[in-house]
Amino acid sequence: MTRTNSDSYWLARGLLILTLLASCVLTSSALDNDFTEDHTIGINYGRIADNIPNPVQAVALMRQMNIGKVRIYDADPEVLSALSDSGLQLAMSVTHDLIGGISQDANTADQWIANNVVPYPRTQIRFIIVGNELFSYPALNLTWYQVLPAMNNLHDSLVKRGLSDTVKITTSLAVDILGDSYPPSAGQFRDDIQWPLMKPILAFIYNTHSTFFVNCYPFLAWNSNPTDISVDYALFGNGPTLVPVQDGNYVYKSLLDAQLDAVISAMEKVGYGDTKIAVGETGWPSAGDQGQTGANPAYAAYYNRRLVRRVLSSPPAGTPKRAGVFIPTYLFALFNEDLKPGPTTEQHWGLLYSNGSEVYPIDLTGQLQDDAYPPLQVPETSDPSTDPKTSAGAPATSQPFDTAGTWCIANPAADPVALQNALDYACGSGGADCAPIQNGGLCYQPDTLPAHSSYAFNQYYQTQKKGGGTCDFGGTAQLTAQNPSSGTCVFLYIPEN
């Protein structure tokens, strides 16, 4: 439901339509924010760690690094106080456990605003993000339908308090909200969320002049499919491995652009292609598990340095669909977080070590070119790689490991509940052909959760990898070079062309 003054709203809409007719240009700034969006880089300030600086020290580090925006995953009062008078624009969050209560009771929503926004007038709160990547977790599907009512109740409270011009309500979702993503023009939301969830949520964001946050990780897509996706394409490079993607009138030379425009195409298909977007999370890990040679400081540095230059370029680079448009972007993350669960990469997304020192040098004003930095060593692999600075600033042009004959299987360390949820997704919304693991099927035996999950994950991965599909499933899956086929159960493998 639109909650704006009808006269001023329709006047603004009329002026917007005249502008679009005159220019025939579709941009993400079709509706202006009611506050000024600083053209600075943002950072995600995660705190799943026991050894990082306190909030006051962290804010001081952010200011020294020329960060202009910060995103947090809760509404911690110590952090909110530390950000007072800092000059940093804040995107704060409603945690998943609170969404139900806020969605069901306007008074609960009003009390949340009273506790977490009103007491901090000197903190530049600009966004309240309701949930993070909720639609990636089938086990939380009851909460999916509480997101929009919660957003409405929080917005009503802001309107009542005269704060809705400067504080906007939104949500943040991962790119797995897409059922189709390749080529970008084919981008479409998953069938289970397209009409009942995505359309009304985008309508709310558009009508309240807010911004849709999308979490995009080219690393995850490349790491799951480094044969089809070149490292140049993932790292904004221009070396000999780069094969641009031609999609109608648009040419894509980076995976991030393709991911964003696939989301924009999906938004267009539900009637809200004008909605402003922000990259809520993106980055590259500086370390990983054995064999993950792509998770290294050199690749992380090249991804983040080049990204910052693109975001802060003048005029802004935008994407092929939104050329010249500034897209707010929040790097993930400020610190390495030693208590994050999952694979080793999860603890190594930070720009800073826990003591506040740099993992690698990076200029967050976007002024320094690659050759202005000290050289970085790319880890040795079985196939020698060139330095990422060769090929006119391109990343290494050979793949860091051989993935011919790669299958996707269940992670042996996966939590059984998470594994079951991922299996349900793969066989449901993911579209994997799971008939062979049904009772009587060729792959029903062994009748175990890991065996069935491995088959379903691999079916999904093999059929979706060329379109950017990954072997991740929330950390419950992993790649293997050993063919898991056995007896009459044959695991699909689609060779790379």
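The values are calculated or read from the model by the stated rules, or taken from the named source; none is laboratory data. Owing to the predicted nature of the structure, the values given are computational and were not obtained by experimental measurement. A quick note on method: Cβ atoms are made from the backbone with ideal geometry, for glycine too, and the neighbour counts reach across all protein chains shown. With ligands, DNA and RNA removed, areas are computed over all heavy atoms of the protein, side chains included. Shrake-Rupley method; radii C 1.70, N 1.55, O 1.52, S 1.80 Å.
Return the long-range amide H neighbours of Thr171 (sequence gap of 5 or more, or a different chain), with a cut-off of under 5 Å between placed amide H atoms.
Val130, Phe213
Could you derive backbone 3J(HN,Hα) for region 427-433 from the dihedral phi with the Karplus parameters 6.51, -1.76 and 1.60 (θ = phi - 60°), listing whole Hz in sequence and x where the residue is Gly or Pro?
7, x, 4, x, x, 5, 7
Could you pull out every one of the lysines with an alpha carbon less than 26 Å from that of Lys321, ignoring same-chain neighbours closer than 8 positions?
Those lysines meeting the cut-off are Lys69, Lys168, Lys199, Lys253, Lys269, Lys276, Lys465, Lys466.
In the chain, with Lys and Arg counted as +1 and Asp and Glu as -1 at Cβ, which of these residues, Ile264, Pro149, Val167, has the Cα nearest the positive end of the dipole, that is, farthest along it?
Of Ile264, Pro149, Val167, it is Val167.
Inverting the mean 1/r over all pairs of different Cα atoms, compute the Kirkwood radius of the chain and quote it in Å.
Working: mean 1/r = 0.0425 Å⁻¹.
About 23.5 Å for the chain.
For region 94-170, which trypsin sites (Lys or Arg not before Pro) are in a loop by DSSP, counting at most 12 other Cβ atoms within 10 Å? Provide the component values of the computation, followed by the final result.
Numbers: sites: Arg122, Arg126, Lys160, Arg161, Lys168; in loops: Arg122, Arg161.
Those that pass, being in a loop and sparsely packed, are Arg122.
Roughly how tilted is helix 255-269, in degrees to the nearest 10 and between 0 and 90, from the longest Cα axis of the chain?
Taking the Cα atoms of the chain, the angle to 255-269 is about 60 degrees.
Using amide H atoms built 1.01 Å from N in the peptide plane, name the residues 5+ places from Asn238, or on other chains, whose amide H lies under 5 Å from its own.
Distant-sequence amide H within range of Asn238: Ala394.
Output the 0 to 90 degree angle, nearest 10, between the alpha-carbon long axis of helix 55-64 and the longest principal axis computed from the alpha carbons of the chain.
Taking the Cα atoms of the chain, the angle to 55-64 is about 90 degrees.
Let me know the shape class of region 325-375, please: from the alpha-carbon gyration tensor, a ≥ b ≥ c as square roots of the eigenvalues, rounded when a/c is under 1.5, otherwise prolate if a/b is greater than b/c, or oblate.
Values: a/c = 2.46, a/b = 1.47, b/c = 1.67.
It is oblate, given that a/c is not under 1.5 and a/b is not larger than b/c.
Where does region 148-268 land on the Kirkwood hydrodynamic radius, alpha-carbon pairs, in angstrom? Please report the intermediate quantities before stating the final value.
On the way: mean 1/r = 0.0624 Å⁻¹.
Final number for the Kirkwood radius of region 148-268 is 16.0 Å.
Using the heavy atoms of the protein chains and a 1.4 angstrom probe, tell me the accessible area per residue for the chain in square angstrom. Don't jump to the answer; show the numbers that get you there.
Working: 20390 Å² over 497 residues.
Per residue, the chain has an accessible area of 41 Å².
About the Cα centre, and with charges only on the beta carbon of Lys, Arg (+1) and Asp, Glu (-1), how big is the dipole of the chain? Nearest 20 debye, please. Don't skip to the answer; put the middle values down first.
Numbers: 26 positive and 46 negative charges, 223 e Å.
Dipole of the chain, to the nearest 20 debye: 1060 debye.
With every atom except the alpha carbons ignored, what do you get for Rg and Dmax of region 406-497, in angstroms?
Cα radius of gyration and Dmax of region 406-497 are 11.9, 36 Å respectively.
Kirkwood hydrodynamic radius for region 226-331: how many Å is it when counted over pairs of different Cα atoms? Present the calculation step by step, with values, prior to reporting the outcome.
Numbers: mean 1/r = 0.0673 Å⁻¹.
Roughly 14.9 Å, rounded to one decimal.
Please give the helix 6-23 orientation as an angle from the longest Cα principal axis of the chain, in degrees from 0 to 90, rounded to the nearest 10.
60
Run the accessible area of region 232-309 with a 1.4 Å probe and give the carbon-and-sulfur part as a rounded percent. Please list the in-between numbers first.
On the way: 1080 of 2170 Å².
Accessible surface attributable to carbon and sulfur in region 232-309 totals 50 percent.
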